[in-house]
Structures are given as C-alpha cells and as structure tokens.
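No lab work stands behind these numbers, since they all come straight from the coordinates. For clarity, every value in this text was computed on a predicted model and none was experimentally measured. Neighbour counts run over all protein chains shown; Cβ positions are idealised from the backbone, glycine included.
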Amino acid sequence: MTFITIDQPTYTTTLPISKIKLKFRCFLAKEDKLLLIAKESGDPDDINNAIKQVLQNCIITKNIDVESLPTIDVEYFYYQLSARTKGDLVESKYICQHTLENGEECGNILTLSVDLLELNVTKTEIDYNIPLNISSGVVMKYPELKVLNIIRKFGDDLSVIYPLIAKCIDYGYMGDKIIYAKDVTEEDLITFLETLSREQLYKIIDWMIELPSIKKTFDIICDNCGTKHTVKLDGLLDFFT
Ligand SMILES: [Zn+2]
C-alpha cells in the first residue's frame with residue numbers, strides 16, 4: 001500500500017524558440033539530491049546530464065523529450081523551473097580583479113542578484129537554411145549547448161571548430177538533390193567545409209555565433225576599490241556553479 005501523496009502546484013510556460021507550451025511542476029527533494037550529487041562531482045557533463053534528467057522529470061506535458069528541444073529552450077525552461085522551485089532571485093558571485101596602486105589584486109567578492117523570471121532570449125526566430133551560392137547550401141540543426149559554448153570561445157581556431165560545425169549540419173542541398181549529414185562520415189563533412197571559400201565558411205560560423213542566447217549584463221561598482229565592472233552572465237553553468 002502506498003502512503004499518502006501530496007499534490008504539488010503546477011505551472012505553465014511557453015518555450016521561446018519551439019513555442020511549445022509546457023506544463024511543469026517544481027523540483028522535488030529527490031531531484032534536489034540528484035543535482036547536488038552532480039554539482040559535487042564538478043564534472044560539467046555530469047551536471048548537464050543531471051539538469052536534463054531533472055527537467056525531464058518535472059515536465060508534465062506528454063510526449064516532450066528534453067533532448068530533442070533546442071538548447072536555448074532547455075536553458076530557458078531551467079530558469080523558469082529554478083525560479084518556481086527556489087524563488088526567482090538567485091545570487092551570483094564575482095571577484096574584482098582590479099589591480100590596486102600597491103600592485104595587488106583587489107580580490108573583493110561582489111554579489112549579483114539575478115531575477116530568473118526576467119531572463120529572456122536575444123531573438124526568437126531562426127532561419128536554419130544557409131545558402132552558399134545560387135542553388136546550393138546547408139540546412140543546420142540547433143547545436144548542443146556545449147558545442148555552442150566552444151564555438152563562441154574558439155571561433156577563430158578552425159581545427160577545433162570544423163568537427164563541431166560538422167555535428168550541426170542537418171543536410172546539404174544542390175538544386176533538388178539533398179544529402180543528409182547522417183548518411184556521410186564526419187570526414188566527408190570536414191572535407192566539404194575545407195572546400196568552402198573563407199566567406200562561405202564564415203557564413204556558417206557567424207550563423208552559429210549569432211544564434212539566440214540568454215544573457216544578462218550587469219553594471220556593478222566594487223565597494224572596496226570603486227572600479228566599475230560590466231559583468232555578463234550567460235549559459236546554464238554560470239548560474240549553477
Ligand atoms: Zn575592487
């Protein structure tokens with residue numbers, strides 16, 4: 001026989017990119033535990049997996065697979081869920097690295113207060129088709145968060161980003177002919193990228209860099225040395241760690 005069950009409140013939100021309306025509940029104690037274990041491991045992959053698992057558990061709407069949602073929708077939903085579970089204000093720490101007159105670093109710890117319910121995406125429409133000449137081009141897939149972060153960081157190092165771009169191509173077309181990326185090897189895709197002109201290649205890279213993101217910029221003044229800092233928060237892990 002099961003013991004008594006306690007009804008939990010439910011909430012709804014509309015995901016900004018896929019426009020899916022989600023019904024969800026808060027984290028329960030068991031999910032808090034899952035996140036805590038992942039956080040203690042310090043491994044970004046463990047943390048990402050735990051977050052995905054918790055998000056999936058909390059979705060009440062049927063037939064929604066977190067893995068198949070655009071990354072930015074997952075991130076947006078995570079903030080909504082955290083806001084409903086733990087309150088909408090979270091604190092983030094920032095260390096002042098200003099060099100003082102005596103040559104030492106200030107090191108003062110500043111606290112930022114972030115309202116999760118105010119976070120929003122930079123844009124909500126994405127055109128996945130990238131024409132490369134009159135009749136040919138590629139159609140992209142929304143990259144995973146981890147891929148996107150690496151591309152934003154190493155945008156100029158082509159050896160690092162070729163394989164990452166290859167992962168984000170859904171299919172290529174030449175006139176009426178379509179070839180899906182899943183039907184060729186990663187080497188075939190990299191060879192394709194290597195034969196593009198610099199301008200064509202950067203059309204693809206820029207498309208990835210300009211994908212919508214959830215960002216918030218704060219101006220904060222250090223109460224120790226008086227330096228004004230502009231702090232940019234973006235990405236799930238910034239808030240989580
Ligand atoms: Zn300072």
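Before moving on, here are some points about what is shown:
- Difference of contour (0.36 nm per residue) and Cα-Cα distance, D46 to T195: 50.0 nm
- In order along region 171-177, the Karplus-derived 3J(HN,Hα) couplings, from 6.51 cos²θ - 1.76 cosθ + 1.60 at θ = phi - 60°, round to 7, x, 9, 10, x, 8, 7 Hz, and Gly and Pro are given as x.
- Computed log₁₀ I(q)/I(0) - Debye formula, equal Cα scatterers, no solvent, the chain, q 0.08, 0.11, 0.12, 0.14 Å⁻¹: -0.41, -0.74, -0.85, -1.05
- R0 of 30 Å, Cβ-Cβ distance D65-S113: FRET efficiency to nearest 0.05: 0.35
- Simple rule: put +1 on each Lys or Arg Cβ and -1 on each Asp or Glu Cβ in the chain, find the dipole, and look at M174, Y76, S135; the Cα lying farthest toward the positive end is Y76.
- Under the criterion of Cα pairs below 8 Å and six or more residues apart, the relative contact order for the chain equals 16 percent.
- Cα-centre dipole for the chain with unit charges at Cβ (Lys and Arg positive, Asp and Glu negative), debye to 20: 840
- Nearest-20 debye value, region 10-90 charge dipole, Cβ charges on Lys, Arg, Asp, Glu: 520
- Theoretical gain in end-to-end length, K177 to K30 [0.36 nm per residue, Cα-Cα removed]: 47.9 nm
- Label-point gap, in nm, between L158 and I6 - each point 7 angstrom along Cα→Cβ: 5.9
- Gained length - I20 relative to N133, 0.36 nm times residue gap less alpha-carbon distance: 37.3 nm
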